[in-house]
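The values are calculated or read from the model by the stated rules, or taken from the named source; none is laboratory data. This structure is a prediction, so every number in the text was calculated from the model and none was measured. Neighbour counts run over all protein chains shown; Cβ positions are idealised from the backbone, glycine included.
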Amino acid sequence: MFQKLKQRWKVNGINLVLIIATFAIGGSLCGRVSSWIITYLPVETKWIEILLFIIFCTILWPLSVLLVSFPLGQFAFFKKYIGKVFKRFGGKQQNTNATINIAIFASGAGSNAQQIINYFASSSNIKISLIVCNKPGAGVLSIADKAGIPTLLIEKERFFKGDNYLPELQNFHIDYVVLAGFLWKIPPALINVFPKRIINIHPALLPNYGGKGMFGHHVHEAVINNQEKESGITIHYVDELYDHGAIIFQAKCSISQNDTADTLTQKIHVLEHQHYPKVIAGIIEK
Ligand code: GAR
């Protein structure tokens, strides 16, 4: 049940505990204040007292919960949650065409990020809402700036041992995480919050040439050194191991005798740019 709540609300374990605490404290606070107000009202009949108690609780619940959420650091969550409750009770129709927000995680030049941004620029319901990067000065940051997409520069300690930057991902209502040359492993807490919604591209035909230290040029050098006749790209879901999750798509290219790691990099980039945005769109639309 807790696992389901974490996924539904896109929060980690610590935030889930704080949210449940906010519900409990906020609920009892509004109950107490409502009874206290009623003691000052000249009401004689029991059923009117109960009715008033229910009315006061309904009015005071959002306020008490918001009040309690503030010191517990859950204000952003409850603001959104209460907004949704109001919409539901106000009878507003659910928006079935809601925007799907993607965060691209990248560490390098960002040529894949650029292609993905271009591809979805004209989409009416899929938006690249955030670029997450772990390297100050990386090319992908200027690509984001030019495209007017917010960026988030992350640091190791908080990403792996802190809140995994979940509050920021929540603020941007992120639905999918797309890795495009992101070189840090994704912490299990994030994988739990985005089940089957974190996608990676690897510049080789997995399960070969994957794993720790196998990224970018290192992959192509290993492929060339082993005199392979072909290489390619793999798009896969991310799990807790490096380059290991279920494969979604692969495409191949041939390697000639004259190829070097540099020329292979170019061939692979052509394949990546051609397929990655379309495969992402396919996954989301499915
Ligand atoms: C891409 O080739 C991608 O497949 C690779 O990094 C490159 C990033 O290029 N990813 C990995 O090696 C992950 N293991 P880009 O910054 O130009 O998009």
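Residues of region 118-134 that are within 16 Å of the ligand (Cβ to nearest atom) and out of contact with any helix residue (DSSP H, G or I) (no Cβ under 6 Å at 6 or more places or on another chain): Asn118, Phe120, Val132, Asn134.
One residue stands out among those in region 90-117 that are away from the ligand (no atom under 16 Å from the Cβ) and modelled with pLDDT of 90 or more: the one that is nearest to Ile186 (Cα to Cα), which is Asn101. Applying the condition of being over 15 Å from Glu272 (Cβ atoms) and within 10 Å of the ligand (Cβ to nearest atom) to region 213-223 and asking which residue is surrounded by the fewest Cβ atoms within 10 Å (Cβ to Cβ) yields Gly213.
Reported count of residues in region 1-46, each being surrounded by 13 or more Cβ atoms within 10 Å (Cβ to Cβ) and not in a helix (DSSP H, G or I), is 4.
Quick grid of which residues meet (1) among the polar types (S, T, N, Q); (2) buried (at least 21 other Cβ atoms within 10 Å of the Cβ); (3) over 22 Å from Thr265 (Cα atoms); (4) in contact (Cβ under 8 Å) with a residue 60 or more places away in the chain:
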site: Ile116; (1), (2), (3), (4): no, yes, no, yes
site: Ser124; (1), (2), (3), (4): yes, no, yes, no
site: Lys127; (1), (2), (3), (4): no, no, yes, no
site: Lys135; (1), (2), (3), (4): no, no, no, no
site: Ile149; (1), (2), (3), (4): no, no, yes, no
site: Leu152; (1), (2), (3), (4): no, no, yes, no
site: Glu168; (1), (2), (3), (4): no, no, yes, no
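Based on this model, can you work out whether Asp145 counts as among the acidic types (Asp, Glu), in a loop (DSSP other than H, G, I, E, B) and more than 18 Å from Tyr276 (Cα to Cα)? Answer is no for this residue. Considered as a group, the residues in region 253-274 that are crowded, with 18+ Cβ neighbours inside 10 Å and not β-branched (Val, Ile, Thr) include one that is nearest to Gly216 (Cα to Cα), and that residue is Leu264. Considering (1) out of contact with any helix residue (DSSP H, G or I) (no Cβ under 7 Å at 6 or more places or on another chain); (2) within 14 Å of the ligand (Cβ to nearest atom); (3) part of a strand (DSSP E or B), the lone condition that Ala251 does not fulfil carries the number (1). The listed residues are Lys87, Lys6, and the only one of them that is modelled with pLDDT under 90, in contact with a Leu (Cβ under 7 Å, 6 or more places away or on another chain) and within 26 Å of Gln170 (Cα to Cα) turns out to be Lys6.
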